[in-house]
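One structure below.
The values are calculated or read from the model by the stated rules, or taken from the named source; none is laboratory data. Note that this is a predicted model, so its numbers are computed, not measured. Positions of Cβ are generated from backbone atoms using ideal geometry, with glycine treated the same way; all protein chains shown enter the neighbour counts.
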Amino acid sequence: MKNQIIALKPPLLGKFNLENYLAASQLALTLKISWEKIKEAINEVKTVPGRLELIDLGQDFKVMVDYAHSPPSLLALFSVIKELNPQRIIVVFGACGERDKSQRPIMGEILAQNAQIIIITNDDPYHEDPELIAEGVLEGIKKHPAIEVFKILDRRSAIKKALTLARKEDWVLILGKGAEQFQIIKNKKIPWDDRQVVKEIWKEIKEKS
């Protein structure tokens, strides 16, 4: 087995996942598990729903849905995406209502430091005014006036805008809700799934093209 090359196609992105694969493989080898079994196990690993989840509908750009909704999680996400050398990064993002307001401009600045196009929208506003939530995020973005920014509070319209702006080799990141199944506005719990909405909108775009 010395110097043998093993071809793997691990589905999880990022250097940290690669490090996890290597650590797990080394442990498996010490337990006398064969390389064939290790390869089979790695290739069968499934992505966690709503975590770095790619939506592949045959488009020539990438669409990813992720739960990132805090400064540390946004920084971690962008570190992974930048490893993949995207042409442009287009972000759809909305801060959650009734959370630490001081984090909103911080997240806005992180978005502006890492993306070329930002579309600010609704997440779960709860009982807060969506306009005020958006303005909190925009406060941080405005420190970087060269960034192209849109404020589209209707989340479906925001996602559609991102998909229509995307070009070959771009990455569209739809952030904040991940695999959540509802959007909460005041006392209303509205059925919602970013992944399904992407599929519906892309179908509409293709039918019109």
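Here are the numbers for the structure shown:
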| quantity | calculated |
| --- | --- |
| Residue within segment 160-181 that is β-branched (V, I, T), surrounded by fewer than 22 Cβ atoms within 10 Å (Cβ to Cβ), in contact with a strand residue (DSSP E or B) (Cβ under 9 Å, 6 or more places away or on another chain) and not in a helix (DSSP H, G or I) present | no |
| Scan of segment 139-159 for residues that are without any contact (Cβ under 8 Å) to a residue 40 or more places away in the chain, in a helix (DSSP H, G or I) and not β-branched (V, I, T), ordered by number | E139, G140, S157 |
| Options I90, I106; residue that is part of a helix (DSSP H, G or I), in the same structural domain as W171 (by TED's automatic domain parsing) and either without any contact (Cβ under 8 Å) to a residue 24 or more places away in the chain or within 16 Å of I147 (Cβ to Cβ) (or both) | I106 |
| Within segment 70-85, tally of residues that are over 14 Å from the mean Cα position of the chain (by Cα) and closer than 13 Å to L52 by Cβ | 1 |
| Residues that are of a type outside the set (K, R) and surrounded by 11 or more Cβ atoms within 10 Å (Cβ to Cβ), drawn from segment 191-209 | W192, D193, D194, Q196, V197, V198, E200, I201, W202, E204, I205 |
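For (1) of a type in the set (V, I, T); (2) buried (at least 20 other Cβ atoms within 10 Å of the Cβ); (3) modelled with pLDDT of 95 or more; (4) closer than 23 Å to K203 by Cα, each residue gets a yes or a no:
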position: G97; (1), (2), (3), (4): no, yes, yes, no
position: Q103; (1), (2), (3), (4): no, no, yes, no
position: I110; (1), (2), (3), (4): yes, yes, yes, no
position: N114; (1), (2), (3), (4): no, no, yes, no
position: P125; (1), (2), (3), (4): no, yes, yes, no
position: I147; (1), (2), (3), (4): yes, no, no, no
position: I152; (1), (2), (3), (4): yes, no, yes, yes
position: R155; (1), (2), (3), (4): no, yes, yes, yes
